[in-house]
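Read-outs throughout are calculated quantities, based only on the coordinates presented, and are distinct from any laboratory measurement. All values derive from a computational prediction rather than experimental measurement. We place every Cβ from the backbone using ideal geometry, glycine too, and count neighbours over all the protein chains shown.
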Amino acid sequence: MKTILFFFFILSILGFDAAIATAETKKGNDGRKKNIIDGFTNKIVPMELLEVVKEVLPQYPELANVPIEFRITKLKSISMCAQPKADMLYRSAAKRAYVIKVSDNQEECNGMVVMNAPREVLVGLIAHELGHIMDYRERNKLQMAQFGLGYLFSKNYMRKAEYVADSFAVSKGYASHVSAIKNYVINSSIFPETYRNRLKNFYPSPQQILNIQQSCVVK
Ligand SMILES: [Zn+2]
């Protein structure tokens with residue numbers, strides 16, 4: 001019982017969502033849900049993000065059948081985040097479903113307006129979030145709980161998690177795109193300082209991205 005309560009505690013502090021699909025889904029002429037990319041199933045994507053997701057997702061064949069919902073919603077001080085859905089308690093890692101939340105922020109004085117971001121940045125963001133899911137799918141329930149606690153309470157742990165997500169994106173060919181996110185945010189004084197500092201302090205710099213890219217090439 002204590003273990004169950006512990007998991008619920010972790011979930012509640014992480015704000016994991018109930019598995020309710022509200023995003024707009026592409027439908028075929030028959031009104032039924034249609035797979036947005038050949039060979040890829042279980043994806044829910046709002047129309048606003050369909051083009052960019054269709055561009056990036058094929059580089060992640062490992063996620064072909066992993067249930068992923070992209071959801072535009074309120075987010076505090078970040079542009080996107082990837083999380084397991086709440087029913088992860090009842091599912092093995094292989095059957096786990098994920099949500100990639102995308103900020104609905106409309107004012108640049110609050111942070112990035114995702115839909116106004118340059119295409120390269122948007123691609124980098126999606127590649128980064130899919131990188132998190134690549135990381136999550138290798139973790140069992142206990143490891144996911146440890147991840148949640150580590151991310152929440154340790155700045156170094158958080159840095160490592162962001163480094164891993166960017167590393168996956170770089171390994172898929174998105175080095176310049178994830179660097180573009182940093183350059184776009186850090187160099188734009190229109191964004192609030194706290195938002196820019198967060199990116200500067202917790203995510204790999206363009207130079208670190210270059211290093212990751214070089215080590216990928218060496219392998
Ligand atoms: Zn991240």
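With the simple model of a label 7 Å out from the Cα in the direction of the Cβ, residue 188 to residue 36 spans 2.1 nm.
Listing 74, 182 from the residue with the fewest other Cβ atoms within 10 Å to the one with the most, what is the order? Ordered by Cβ neighbours within 10 Å, fewest first: 74, 182.
In this simple spin-label model, placing a label point 7 Å from the Cα along the Cα-to-Cβ direction at both residue 140 and residue 48 gives a separation of 4.0 nm. For the stretch 187-198, the Karplus equation 6.51 cos²θ - 1.76 cosθ + 1.60, evaluated at θ = phi - 60°, returns couplings of 8, 9, 5, 5, 7, x, 4, 4, 5, 5, 5, 4 Hz by residue, with Gly and Pro reported as x.
Applied to the stretch 49-57, the Karplus parametrisation 6.51 cos²θ - 1.76 cosθ + 1.60 on θ = phi - 60° returns per-residue 3J(HN,Hα) values of 10, 4, 4, 5, 5, 5, 6, 8, 3 Hz, with x for Gly and Pro. Near residue 92: Cβ cut-off under 13 Å, other residues only, Lys/Arg at +1 and Asp/Glu at -1. The net charge is +4. Specify whether the C-alpha gyration tensor of the stretch 145-205 places it in the rounded, prolate or oblate class, a ≥ b ≥ c being the square roots of the eigenvalues: rounded for a/c under 1.5, otherwise prolate if a/b is larger than b/c and oblate if not. Oblate. Taking amide H atoms as placed 1.01 Å from N in the peptide plane, the amide H of residue 98 lies under 5 Å from those of 68, 69, 85, each 5 or more residues away in sequence or on another chain. The stretch 41-61 and the stretch 188-217 have their alpha-carbon centroids 24 Å apart.
Converting phi to 3J(HN,Hα) with the Karplus coefficients 6.51, -1.76 and 1.60 and the offset θ = phi - 60°, the stretch 176-185 yields 5, 6, 6, 5, 4, 4, 4, 4, 5, 6 Hz in sequence order, with x at every glycine or proline. Other residues whose C-beta falls under 11 angstrom from the C-beta of residue 68 contribute a net charge of +3, scoring Lys and Arg +1 and Asp and Glu -1. Pairs 54/74; 74/101; 43/85; 54/101: which are spaced more than 20 Å apart, C-alpha to C-alpha? Listed pairs above 20 Å: 54/74.
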